[in-house]
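Written below as structure tokens is the structure these notes are about.
Derivation of every value follows stated rules applied to the coordinates shown; laboratory data play no part. The model shown is predicted, which means the values in this text are computed figures rather than measured ones. All Cβ positions, even for glycine, are placed from backbone atoms using ideal geometry, and neighbour counts span all protein chains on display.
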Amino acid sequence: MSTTKDFTDHVMATYGRFPLTLVEGKGARVSDDVGREYLDFCMGIAVCSLGHCHPRLVAAIQQQAAKLMHVSNLYLNEPQGLMAKEMNEFEVQIPGKIFFSNSGAEANDGLIKSARRYGHHKPQANGKPRFEVITFQQSFHGRTLGSMAATGQAKIQQGFDPMLPGFRYLPYNDIAALENAVSDETVGFLLEPVQGEGGVHVATKAFLEALDALCKKHDLLLMFDEVQAGFGRCGQAMAWRAIAPDIKPDGISWAKGMGGGVPIGAFWLSDRTIDDSGKTLASLMGPGSHGTTYGGNPLVCAAAIEVLREIREKNLSANALHQEQRIRAEIASWKLPVITDVRGLGLLLGVGLRADLIPTPEGSTAALTVVKSLMAEGLIVPPAGPETFRLLPPLNVTDAEIDEALSIIHRTLSCFK
Ligand SMILES: Cc1ncc(COP(=O)(O)O)c(C=O)c1O
């Protein structure tokens, strides 16, 4: 049996972990090592789209594990080709090519590298490559050197200077700030259509459309980080389509919910032509440009295919919208002073808190205080910044499970006044 001491003695303390050891899960519920059950509205931070141990996902993993788990990307494997085809045909619905990674940060690194390739192919007037990717304040793109530098939060970068050069951070949803933002060195924009870790903020349609227009005007790449928001969570297969459906991005990154719990990420580049020779954007990442040992192996792709099929076949993105409406209506009816607002889209929701009403120990945050209180009452949720907690239930969550979570939230938050 693993103990808390094993963690403190042997696991790097990169997380401020809750003292809770989770051992088993089914659907929207998990239980800990002393048999206590929790309603899990964290879901591995928006990873377990189908809930814990969904039978279709378990069967896909078991069957593929018994057949072929891993081969090198030097060879073809059937699940990877099928996964890419289904993602392109049913989810992205724009001609393009996909590279499979193991995580969201790696997927974003792939987009950053692709943008730099584009900057070499389409340089500045002086012949030097363009390389600058503009991202946004409060964004979160990951923890690798590339994705950390892309992340517009000082606390994520602290102590890791010097940053990879070539990033600038603009205020999110600020159309005026886009004016004059583009320099000779700029090659693209990378943004989350719905910011998750940075407190749950939804891009406005006007903002996305202004960015799209700016990219067309200056020959820049428009790249969406859909790592947390994609694949049904925001009520559409792709989150940007829930906001500005007519936009056709140049690049997209995903991870988290696409695998339902297996470690898989991906980035996509458009097949649009980029010069008179007929070269496509995706073809810039040709042989030798990028690689991974594990990415897109048969095991994770066989699993992810079934996750995305289940989301599509059961129309779980519609359930995300249905539950969003129920959550919003119920929380609004409480009129609790401690709740400032509910932000987000579908089942990527943030509940804003009034920190002045929540007694919080020195060095902690209002969000953490509330998250701990909810956990004590049997509901697991993650924070998003100091004054927001998130609701990230599985996409197949039922009315009854939502009602149960809401009743815990109501009971717990009623104490703060
Ligand atoms: C929007 C977004 N991008 C990228 C990442 C990084 O993904 P990963 O932790 O899989 O590297 C995250 C993780 O929270 C995320 O929310």
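Assorted remarks:
- Nearest-0.05 FRET efficiency for THR340 and ARG168, computed from C-beta distance (R0 30 Å): 0.50
- Neighbour cut-off at most 11 other Cβ (10 Å), DSSP loop, chymotrypsin sites (Phe, Trp or Tyr not before Pro), the range 1-91: TYR15, TYR75
- Positive-end residue, the range 57-313 charge dipole about Cα centroid, Cβ charges, pick of GLY127, LEU211, ALA239: GLY127
- Among GLU106, GLU132, the ranking by other beta carbons within 10 Å of each residue's beta carbon, starting with the fewest, stands as GLU132, GLU106.
- Shape category assigned to the range 124-226 from the gyration tensor of Cα positions, a/c cut at 1.5: oblate
- A cut-off under 14 angstrom between Cβ atoms defines the neighbours of HIS121, and their net charge, with Lys, Arg +1 and Asp, Glu -1, is +4.
- Counting Lys and Arg as +1 and Asp and Glu as -1 over every other residue whose Cβ lies under 12 Å from the Cβ of LYS85, the net charge comes to -3.
- Shape class for the range 57-313: prolate, because the ratio a/c of the largest to smallest gyration tensor axis (alpha-carbon atoms, square roots of eigenvalues) is 1.5 or more and a/b beats b/c.
- Selected from VAL338, VAL300, VAL371 as most flexible by GNM, with the chain as the system and alpha-carbon contacts under 10 Å: VAL338
- Unit charges on C-beta of K, R, D, E only; dipole of the range 57-313, Debye: 300
- Calculated Rg and Dmax of the range 293-396 using C-alpha coordinates, Å: 17.3, 52
- Cα convex hull volume per residue for the range 222-350 (Å³): 143
- If R0 equals 25 Å, the separation of the Cβ atoms of LYS372 and ALA332 corresponds to a calculated FRET efficiency of about 0.50.
- With Cα atoms, 0 to 90° folded angle of helix 205-218 axis to the chain main axis: 20
- Evaluated with a Cβ-only charge set (Lys, Arg +1; Asp, Glu -1), the range 206-260 carries a dipole of roughly 140 debye about its Cα centre, given to the nearest 20.
- Extension gain, THR204 to LEU20: 0.36 nm times the residue separation minus the Cα-Cα distance gives 62.5 nm.
- Taking every DSSP bridge with both residues inside the range 57-313, close to 45 percent are antiparallel.
- Inter-probe distance in nm under a simple model that places probes 7 Å from Cα toward Cβ, at THR360 and GLU89: 4.9
- Charging the Cβ of each Asp and Glu at -1 and of each Lys and Arg at +1, and nothing else, the dipole of the range 286-382 about its Cα centre rounds to 180 debye.
- When the Gaussian network model of the chain links Cα atoms closer than 10 Å, the mean-square fluctuations of SER333, SER139, SER114 top out at SER333.
- Of GLN80, GLN153, GLN236, the one that fluctuates the most in a GNM where the chain has Cα springs shorter than 10 Å: GLN153
- Of the chymotrypsin sites (Phe, Trp or Tyr not before Pro) in the range 134-232, those whose Cβ has at most 13 other Cβ within 10 Å and which sit in DSSP loop: PHE160
- Using a cutoff of 8 angstrom between alpha carbon atoms and counting only pairs six or more residues apart, the relative contact order for the range 1-114 works out to 12 percent.
- Among GLU330, GLU387, GLU197, a tally of other beta-carbon atoms within 10 Å of each Cβ gives an order, fewest to most, of GLU330, GLU387, GLU197.
- Taking other residues whose beta carbon is less than 13 angstrom from the beta carbon of LEU345, and scoring Lys, Arg as +1 and Asp, Glu as -1, yields +3.
- Model label points for ASP271 and ASP33, set 7 angstrom from Cα along the Cα-to-Cβ axis, are 5.1 nm apart.
- If you sort the three axes of the alpha carbon gyration tensor as a ≥ b ≥ c, you get a/c of 1.5 or more for the range 216-266 and a/b no higher than b/c, which makes it oblate.
- Fraction of the pair-distance distribution of the range 24-170 above 20 Å, Cα-Cα pairs, percent: 68
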